[in-house]
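Before any comments, here is the structure.
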Amino acid sequence: MTIKNIVFLLIITFSLSSCSVRLVDFTVISSKNVNLDIDRTQGKKVKGEKKYFLGIGWNLKDAMDNALEIAGPEYDLLIDGVVRYGSLFFFTTVTVEGTAVSSRDLQKKHGDAGFTDWLNGNKLTYDKRTNTIDSETVDASL
């Protein structure tokens, strides 16, 4: 066998091989199961994906944003989801699957006082300016 044949076989072998790795399960971007008292039947099952050439710049946010965009403009939370990382020779893929729900619907369901209690009970913050919910940061020095 010549060097050209060996190189050709290696290229074919690598291009036909792939792998997929499950990165994380999430409940509002938490690796722990959290009971958020959300009616999952009001949500929408979605799957978002983002591909990167040579894995350059890959991140989870793009795939999550894609999933929420597919769900629609009223959805801003993903719950009960799975994040997967995959690679195929020159490409890296990040896939996010989950149930998209609307924080506005949660606010309507609980009322203003109930919504604030729900946020505090789940260690979440609500930004009225952007209408988004984020997890609170915990001070490690406490």
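Values in this text are rule-based calculations from the coordinates and carry no lab data. Given the structure is predicted, the values throughout are model-derived calculations rather than measurements. Cβ sites come from the backbone with ideal geometry, for glycine too, and all protein chains shown count toward neighbours.
General remarks:
- The 3J(HN,Hα) values that the Karplus relation (6.51, -1.76, 1.60; θ = phi - 60°) gives for segment 42-48 are, in residue order, 7, x, 9, 5, 9, 9, x Hz. Gly and Pro appear as x.
- For the pair Lys61 and Asn120, a Förster radius of 25 Å applied to the C-beta separation gives a FRET efficiency near 0.45, rounded to the nearest 0.05.
- Applying 1/(1 + (r/R0)^6) with R0 = 25 Å to the Cβ-Cβ distance of Ile12 and Glu49 gives a FRET efficiency near 0.45.
- Sequence-distant residues sharing a close amide H with Phe91 (under 5 Å, placed H): Leu54
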